[in-house]
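**Student:** My structure is below; once you've seen it, I'll send some questions.
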Amino acid sequence: MKNELSIEQEELQFEALIDGLLNNQYGFTESFMDVDTISGLRDNLFRYRENGEMHPAGIGKKFDYQKNTLVRGDLIKWIDENSTNAFERSLLNKINRFISYLNRTCYTSINASEFHYATYEVNSFYKRHLDQFKSEKGRKFSLVIYLNEDWSTKDGGKLSLYINDNKIDDVYPLEGRVVFFKSDELEHEVHPSLTRNRISIAGWLKSV
């Protein structure tokens with residue numbers, strides 16, 4: 001893989017995510033994954049989409065589950081935690097290293113994770129929401145990894161983070177950028193993309 005990080009560089013990324021979370025309710029960093037892995041994950045998503053393996057996401061869980069395109073319009077595909085795909089394996093290994101770092105430095109007791117590919121077609125969105133289910137409290141932290149190549153502000157698709165009544169931060173979905181926040185505390189919203197599909201991997205670090 002190209003541009004792989006040293007242990008020290010990787011831990012600086014982890015620290016940036018944690019510091020942002022503690023000081024501003026969310027952290028973000030650039031180039032979270034090496035360029036080969038981002039490209040490979042993007043190709044995976046395109047292939048899954050072409051093969052009809054991505055399906056409309058829903059709201060809620062188990063018996064509360066319902067499809068509601070008035071609230072969200074993304075297509076998703078879950079990543080198997082035992083995947084043997086080289087790029088998915090690279091991603092999951094890094095997530096596991098981040099979990100180990102969180103548990104070691106912040107005593108978070110995270111012991112599971114779940115991640116999925118997501119694609120928002122032009123004009124699709126996800127209204128303001130929390131990531132924590134009312135009926136299931138396992139999700140502790142949310143992590144979004146953007147796969148969009150050569151994205152610019154004119155493409156739209158920003159993520160709004162509702163810090164408090166007087167502060168809303170906007171993050172654009174640039175390739176390799178990662179956003180990290182508490183699932184049950186920070187409301188957020190995905191705005192429509194204006195020019196092309198907006199693609200990412202989203203997931204949660206859990207205590208189960």
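The values are calculated or read from the model by the stated rules, or taken from the named source; none is laboratory data. Because the structure is a prediction, the values reported are computed rather than measured. Cβ coordinates were reconstructed from backbone atoms using ideal geometry, including for glycine residues, and neighbour counts include every protein chain displayed. Quick note on the areas: whole protein, heavy atoms, side chains included, nothing else; ligands and nucleic acids left out. Shrake-Rupley method; radii C 1.70, N 1.55, O 1.52, S 1.80 Å.
**Student:** Report the charge-dipole magnitude of the stretch 119-208 in Debye, nearest 20, computed about the Cα centre from +1 at each Lys and Arg Cβ and -1 at each Asp and Glu Cβ.
**Tutor:** Numbers: 14 positive and 14 negative charges, 54 e Å.
Charge dipole of the stretch 119-208: 260 debye, to the nearest 20.
**Student:** Return the carbon/sulfur percentage of the accessible area of the chain, one whole number, probe 1.4 Å, all protein chains in place. Before the final figure, lay out the partial values.
**Tutor:** Working: 5160 of 10660 Å².
Roughly 48 percent of what the probe reaches on the chain is carbon or sulfur.
**Student:** So for the pair residue 50, residue 130, with labels modelled 7 Å out along Cα→Cβ, what separation do we get in nm?
**Tutor:** For residue 50 paired with residue 130, the spin-label model returns 4.1 nm.
**Student:** Given a 1.4 Å probe, how much area per residue of the chain is accessible, in Å²?
**Tutor:** Values: 10660 Å² over 208 residues.
Using a 1.4 Å probe on heavy atoms only, each residue of the chain averages 51 Å².
**Student:** Rounded to the nearest 0.05, what FRET efficiency is calculated for residue 194 and residue 165 with R0 set to 25 Å and r the Cβ-Cβ distance?
**Tutor:** On the way: r = 28 Å, r/R0 = 1.11.
The value I calculate is 0.35.
**Student:** Could you work out the relative contact order of the chain, using alpha carbon pairs under 8 angstrom and six or more residues apart, expressed as a whole percent? Spell out each step's value before the answer.
**Tutor:** On the way: 413 pairs, mean separation 55.2, N = 208.
Relative contact order here is 27 percent.
**Student:** What does the extension gain come out to for residue 23 and residue 182, with contour length at 0.36 nm per residue minus their alpha carbon separation? Can you show the working numbers first?
**Tutor:** On the way: separation 159, 0.36 × 159 = 57.24 nm, distance 1.25 nm.
Full-extension gain reported as 56.0 nm.
**Student:** Sticking with this one: Rounded, prolate or oblate: which one fits the stretch 163-208, using the alpha carbon gyration tensor with axes a ≥ b ≥ c (rounded when a/c is under 1.5, else prolate when a/b beats b/c, else oblate)? If you can, show how the numbers build up before the last one.
**Tutor:** Working: a/c = 2.24, a/b = 1.21, b/c = 1.85.
The shape class here is oblate.
**Student:** Here is a further query. Which of rounded, prolate or oblate describes the chain when judged by the alpha-carbon gyration tensor and an a/c cut-off of 1.5? Intermediate results must be reported in sequence, preceding the final value.
**Tutor:** Numbers: a/c = 1.24, a/b = 1.09, b/c = 1.14.
Rounded shape, in that the Cα axes give a/c under 1.5.
**Student:** Moving on. From the backbone phi of the stretch 193-208, what are the Karplus-calculated ³J(HN,Hα) couplings (6.51 cos²θ - 1.76 cosθ + 1.60, θ = phi - 60°) in whole Hz, Gly and Pro given as x?
**Tutor:** 6, 9, 10, 6, 4, 9, 10, 6, 10, 10, x, 9, 9, 10, 10, 10
**Student:** Moving to a separate point now. Amide H to amide H, which residues 5 or more places from residue 151 or on other chains are under 5 Å from it, using H placed in the peptide plane?
**Tutor:** Amide H neighbours of residue 151: 175.
**Student:** Please identify, among 56, 173, 192, the residue showing maximal mean-square fluctuation in a Gaussian network model of the chain using a 10 angstrom Cα cutoff.
**Tutor:** 56
**Student:** Over 19 Å between Cα atoms, which of 127/167; 94/206; 127/158; 94/158; 137/206 qualify?
**Tutor:** On the way: 127/167 17 Å; 94/206 16 Å; 127/158 12 Å; 94/158 25 Å; 137/206 9 Å.
Beyond 19 Å between Cα atoms: 94/158.
**Student:** Report the GluC sites (Glu not before Pro) located in the stretch 1-46 that are in a DSSP loop and have at most 14 other Cβ atoms inside 10 Å of their Cβ, or state none.
**Tutor:** Details: sites: 4, 8, 10, 11, 15, 30; in loops: 4, 30.
In loop regions of the stretch 1-46 (DSSP not H, G, I, E or B), the sparsely surrounded GluC sites (Glu not before Pro) are 4, 30.
**Student:** Can you find, among 164, 92, 203, the residue farthest towards the positive end of the dipole of the stretch 90-208? Put +1 on the C-beta of Lys and Arg, -1 on that of Asp and Glu.
**Tutor:** Result: 92.
**Student:** To continue, here is another question. Working out 0.36 nm times the residue gap between residue 208 and residue 100, then minus their Cα-Cα distance, what length gain in nm do you get to one decimal?
**Tutor:** Working: separation 108, 0.36 × 108 = 38.88 nm, distance 1.56 nm.
Between residue 208 and residue 100, full extension yields 37.3 nm more.
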